[in-house]
Structure formats: structure tokens, C-alpha cells
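Just below is one structure, and these are the notes that go with it.
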Amino acid sequence: MSEHRANGVFRLVKGLLGTSAAGALFTQLEIDPRLIRPLTDTVSRAEMAQALNMALFYDLHERVPEGHDYVQDVMAAGQKITFDHGALRTVAWPSGALPPGEAAISRVLRPLGFVVADTYPLPRLKMTGRAWAHADFPETIAQFFVSELHPEAFSAGFQAAVTRVLADSVDPLGPQDIGRLERLGRDGTLPWTDALALLPKLVACFGRQHGGFAMADYETLLAESAEMAWIATEGNAFNHATDRVEDLQQLSDAQKRKGRSIKDAIEVSRSGRVLQTAFKAAQVEREFLSSEGDWVSRHVPGSFYEFIQRERLQCGRLDLAFDAGNATAIFKMTTHEALEILS
């Protein structure tokens, strides 16, 4: 491992998670060799993007037991994970001190070198998805699939509940962080002191920014949108992280033999080039305020681990597209119904 440690990405991840976790991630994940460059006085936007992705993968890996077990299986087989994309959900609605909707995330992604590759209407969910790919390393730095829910498409009671849930949201980024992001977006690099100070703040953007709320509001949201109910408890955390594999059917069969909660059917895009499946969401315990004014616990869907198979286009490039039908089906992995069906 020592040959990997004198580089910018390792130093960034080590500064955030410690030596042990950084070493584990370098062992677990495929990393583009072009990103493993000797230390210099500055950090590139691509190095920052890779370090952020690795930290977010680590966070999800720790929160999803089946994903953790799968990664250990891959390690035991002497292989590595190809981190294809991470997905998160936002709400296009006033959110306290936090910029509304995707703006809370796009302000982070753009300076890191990510650009919108495509937009995916998700009408059945009353959401819009956008794929953010890295301009410098589109095939090897994991994409972000950022979805945005539109409360105006729901009932007045639903909108009122959204307002109450999000009203006390805080902004993880202060003026100095915004300034550092602007400098990174302008120059494409940051001095080490700024990069090491900024990275934890960027990671903090991918979490829940609002506080506790009433069980009655959760029930109101759940009745109309499982996706908004999920956002209410989990915020902007990674909804799932995805491993890019060569043979999805073979992987699915193997996971079923291990007794893991993988989907029965594989989702196939209209192009036929993108195939996806997933484990069910982990169950997590969250607290809600009861009508009597007491805090009560309830198990709700958390995050999950996904798998994708991508074929190449005629030009030879990897098909990095997503599919609205696939996405809508995968979103169901965090519904209460999915947990009941797959349990």
C-alpha cells in the first residue's frame, strides 16, 4: 500500500477518514491511474472529486450491511469495486437556510468539474433526475444521479408538511467554504490548506440538514410520496451507491444463492445497453414527535446498494446514460412495500 500513499487523493481521504479507512478504500475501489499523481503544492478538481466520491462510498458502505458484506466478498475474491455512480434526492422547495432542491448539491458538483450529462423526467414519481458526469474523467470518476422532487405537484396538505419538515434546515457551507468552491471552479485547483479544510464541508452537504419532525407529517408525506418520506428521514444522503459489473445476470444469481435481498428481476433500459438491479434498502431507526409530544422510534427504509452493467456504444465509448424506467423501478427499493415483499 505504501506506493499509493504519496499522492493527492490518498492524502485527502486520509485527512478526512484516517489512514486505515483510506487504505481500505484504495484496496476496495478501482481508481484511474491518472488520478494517482505525485503530491504538488495544489490539489486538482479531479482529485477533490475522486476523494469526495470515495468518502461518500465509504459512508454508504458503513450504513448498508448487505453492501458491506458484498464488498467483503469482492475483496476476498481478490477483485475491486468499479464505483459507477451515487444517487441522492432533493426537494425543489424552500428549505430554511439551505438552497432549495438540486441547487444545494449543484453548487458543490460544478466547481469539482461535474457537468449535467442528461436530464431524466420521472413523471410517475413527480420528480426530475439529472446525471452529473465529470468533465475530465467521465468513465472513471463516479457520476452523481441527483433527483429533485416537485411538491407543487402534490396536495396542499402535502406541501404544508414539506414546509414544516424542511423549515429548520441548516447550510453546511459557510462564506469561506463558498469562496473556496468559487476559487476551485475558477482555477481548477486549490492550495492544500484550503482543500483539506473544504472537503469535510463538502461531505457534510450529503446528509440530512433538517431536524426532527412530527410523525403526523411523516405519515402525510408517506401517503403521497415514498420518495419524499425518505428525504424527510434521510435528507440528501446517498440513497444508493452502484457497482459497475461485467455480467449482471451472473452476479444476481450468485447473490440469490447467498440468500441476499436482491431484486427478482433485472431492469433493462430501452436501449438494451444499461442493466440494473439492487439489494433492498437497509432498515434504519428514526425518531419522530408523537401527537402527545414524546419522541418515538420507528423503523423506516434507509439506503441500499445497486449494481449496473453498461455496454459500449458503436464509437467505443461506454454508454454512461441512465434510463427513466430503470430509475423509477430502482426507486421502489426504498418503499415500505419493498421491505415487506423482500423480507
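The values are calculated or read from the model by the stated rules, or taken from the named source; none is laboratory data. Worth saying up front: this structure is predicted, and the values here are computed from it rather than measured. We place every Cβ from the backbone using ideal geometry, glycine too, and count neighbours over all the protein chains shown.
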Check your understanding: Quick one: what pairs do we get from region 222-250, first residue at positive phi, second assigned to a loop (DSSP other than H, G, I, E, B), C-beta under 6 Å, 6+ apart or different chains?
Key -> G235/G207; G235/R208; G235/Q209
Review point. Can you tell me which of V108, V74 is surrounded by fewer than 19 Cβ atoms within 10 Å (Cβ to Cβ) and β-branched (V, I, T)?
Key: V74
Point to revise | Residues that are among the hydrophobic types (A, V, I, L, M, F, W, C) and assigned to a helix (DSSP H, G or I), drawn from region 176-211 | key: I178, L181, L184, W192, A195, L196, A197, L198, L199, L202, V203, A204
Practice item. Check whether at least one residue in region 220-241 is within 30 Å of V296 (Cα to Cα), part of a helix (DSSP H, G or I), hydroxyl-bearing (S, T, Y) and over 22 Å from the mean Cα position of the chain (by Cα), and report yes or no. Key: yes
Exercise for review: Among the residues of region 23-39, write down those that are in a helix (DSSP H, G or I) and in contact with a helix residue (DSSP H, G or I) (Cβ under 9 Å, 6 or more places away or on another chain).
Suggested key: G23, A24, L25, F26, T27, Q28, R34, L35
**Study point:** Boolean, G15 is without any contact (Cβ under 8 Å) to a residue 24 or more places away in the chain and either farther than 23 Å from G78 by Cα or part of a helix (DSSP H, G or I) (or both)
**Key:** no
Study note, to complete from the structure: Counted residues in region 242-274 being surrounded by 11 or more Cβ atoms within 10 Å (Cβ to Cβ) and either aliphatic (A, V, I, L, M) or assigned to a strand (DSSP E or B) (or both) come to 12
Review point. Going by the structure shown, is T128 surrounded by 17 or more Cβ atoms within 10 Å (Cβ to Cβ), free of Cβ contacts under 8 Å to residues at least 40 places away in the same chain and among the β-branched types (V, I, T)?
Key: yes
Review point. Are any residues in region 208-244 touching a strand residue (DSSP E or B) at 6+ places or on another chain (Cβ under 8 Å), more than 23 Å from K280 (Cα to Cα) and of a type outside the set (S, T, N, Q), and if so, which ones?
Key: H210, G212, F213, A214, M215
Review point. What do you reckon, is T277 part of a strand (DSSP E or B), crowded, with 21+ Cβ neighbours inside 10 Å and out of contact with any Gly (no Cβ under 8 Å at 6 or more places or on another chain)?
Key: yes
Revision key, fill the gap. When S106 is run through (1) within 29 Å of D187 (Cβ to Cβ); (2) small (G, A, S); (3) touching a strand residue (DSSP E or B) at 6+ places or on another chain (Cβ under 7 Å), the failure sits at (3)
Exercise for review: List every residue pair whose Cβ atoms sit under 6 Å apart, with the two residues 6 or more apart in sequence or on different chains, where the first one lies in region 173-187 and is within 12 Å of L109 (Cα to Cα) and the second, anywhere, is at pLDDT 95 or above.
Suggested key: L181/P111; L184/R45; L184/P111; L184/L190; G185/P111
